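I have placed the structure first, in the form of structure tokens, so that the comments after it can refer back to it.
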Amino acid sequence: MTKVIDDPLEVEQAYARQYENLSREFSRVIQSKRGILAEIGCGRGQLTIPVARLLPHCRFRVVDTFAGAYTGTLRLLNKALLQARLKNRVKVYKADYLAWLWDQYSDSYAGVVSSEFLPEIDSYELSMFLSECYRVVRPGGITVHSFLSPIARNHRQRLMIEADSNPKWTKTPPKEWFSPKPALVVSQLRRAGFRNIHTEKIKSNLIIKGDAVRSFLHSWDVRDAFWRRYRLRLVTGGLEVPDWVIVSGRRETSYRSKSRLRERKMGGR
Ligand SMILES: C[S@@+](CC[C@H](N)C(=O)[O-])C[C@H]1O[C@@H](n2cnc3c(N)ncnc32)[C@H](O)[C@@H]1O
């Protein structure tokens, strides 16, 4: 059921519920009950905390630069981890994702995950990132990435994508996209070596309008000029959070990849 928020004080809670829904899907897809999960671009732990609660026997290494527009999130993350009593299971690294991944041993993680991190990089980085995910994940391990769909289903979603990606409106324009197309992520996962690739969509069912829009746009670094330009539409119709896309892929166990190789060789004779 669609939720319409017009009270600025309710936006944060409504957004937290989005992450609770997402985290249920992550924990279902991850399956692994133990082991270490790495999260790239953890921010203030929007996904980390609900996922860690659902996977009480996993340990987490979470990575973020906590820089630029995100300066200050490290303090919020530490506070949230303390409140959730997760300090002992979640280790925080302040680092660039690629430098950090290069430092990790091969085959050592049960999984590498991210949420809303792919919007931060471009197509060249996406390919390097997913290759590194494949290298550090152990055979049988998983990678899961969620992001807001770049494909709008209606004018409210289109307006939200426009606000967050057009340099005319946003103070922090993306490098290449609002989010990558799901099909691109799928093809890059396959190229990196992942198999058993799945894409899922969860409707946000969240409309933000009236007074709540202005504070929401402010928190997303959108200029006031956007508000002035679309005021009537924002007040009456509002913005809708696009659908969440969750793309996952598994690294085959060595047994499965050996038998696949054998099949290929036999077929080639
Ligand atoms: C949109 S936020 C997502 C935060 C959170 N995961 C969520 O789902 O809301 C993107 C995060 O990626 C981080 N980030 C951007 N570039 C990065 C890089 N090169 N290395 C590590 N983290 C980076 C930012 O600091 C920010 O916290």
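The values are calculated or read from the model by the stated rules, or taken from the named source; none is laboratory data. Because the structure is a prediction, the values reported are computed rather than measured. Ideal geometry is used to build each Cβ from the backbone, glycine not excepted, and the neighbour counts take in all protein chains shown.
Selection of region 56-78 for residues being in a helix (DSSP H, G or I) and within 11 Å of the ligand (Cβ to nearest atom) yields 68, 69, 70, 73, 74, 76, 77. Scoring residue 34 on the criteria (1) at pLDDT 95 or above; (2) more than 15 Å from the ligand (Cβ to nearest atom) leaves a single failure, condition (1). Please go through region 37-55 and give me each residue that is among the charged types (D, E, K, R) and near the ligand (Cβ under 9 Å from one of its atoms), ordered by number. Listed by number, the residues that qualify are 39, 44. For region 76-91, the candidate set comprises residues that are farther than 18 Å from residue 16 by Cβ and of a type in the set (Lys, Arg); within that set, the residue that is nearest to the chain's Cα centre (by Cα) is 91.
Out of 131, 123, 115, 108, one residue alone is under 16 Å from the mean Cα position of the chain (by Cα) and more than 10 Å from the ligand (Cβ to nearest atom). It is 123. I'd like to check something: does region 79-94 contain any residue that is within 9 Å of the ligand (Cβ to nearest atom) and not in a strand (DSSP E or B)? Checked region 79-94: no residue is within 9 Å of the ligand (Cβ to nearest atom) and not in a strand (DSSP E or B).
Please note which helices (runs of 4 or more DSSP H) are completely contained in region 179-255 and include at least 2 residues that are under 20 Å from residue 121 (Cα atoms).
Values: elements: 182-192, 211-219, 224-236.
Answer list for region 179-255: 182-192.
Residues that are free of Cβ contacts under 8 Å to residues at least 40 places away in the same chain and surrounded by fewer than 15 Cβ atoms within 10 Å (Cβ to Cβ) were ranked within region 55-75; the one that is nearest to residue 94 (Cα to Cα) is 67. Checking each residue in region 144-173 for being part of a loop (DSSP other than H, G, I, E, B) and within 15 Å of the chain's Cα centre (by Cα) picks out 149, 150. Exactly one residue among 62, 92 is closer than 20 Å to residue 142 by Cβ and touching a Cys at 6+ places or on another chain (Cβ under 9 Å), and that residue is 62. Among the residues of region 45-55, is there at least one that is in a helix (DSSP H, G or I), in contact with a Ser or Thr (Cβ under 7 Å, 6 or more places away or on another chain), more than 14 Å from residue 144 (Cα to Cα) and at pLDDT 95 or above? Yes: region 45-55 contains one or more residues that are in a helix (DSSP H, G or I), in contact with a Ser or Thr (Cβ under 7 Å, 6 or more places away or on another chain), more than 14 Å from residue 144 (Cα to Cα) and at pLDDT 95 or above. In region 134-164, the residue that is nearest to the ligand (Cβ to nearest atom) out of those that are surrounded by fewer than 23 Cβ atoms within 10 Å (Cβ to Cβ) and polar (S, T, N, Q) is 149.
Hey, can you tell me all the residues within region 95-112 that are in a strand (DSSP E or B) and of a type in the set (A, V, I, L, M)? Residues satisfying the conditions are 110, 112. Identify, from the list 25, 20, 39, 12, the residue that is of a type in the set (Asp, Glu), in contact with a strand residue (DSSP E or B) (Cβ under 7 Å, 6 or more places away or on another chain) and assigned to a helix (DSSP H, G or I). 25 is the lone residue from the list that is of a type in the set (Asp, Glu), in contact with a strand residue (DSSP E or B) (Cβ under 7 Å, 6 or more places away or on another chain) and assigned to a helix (DSSP H, G or I).
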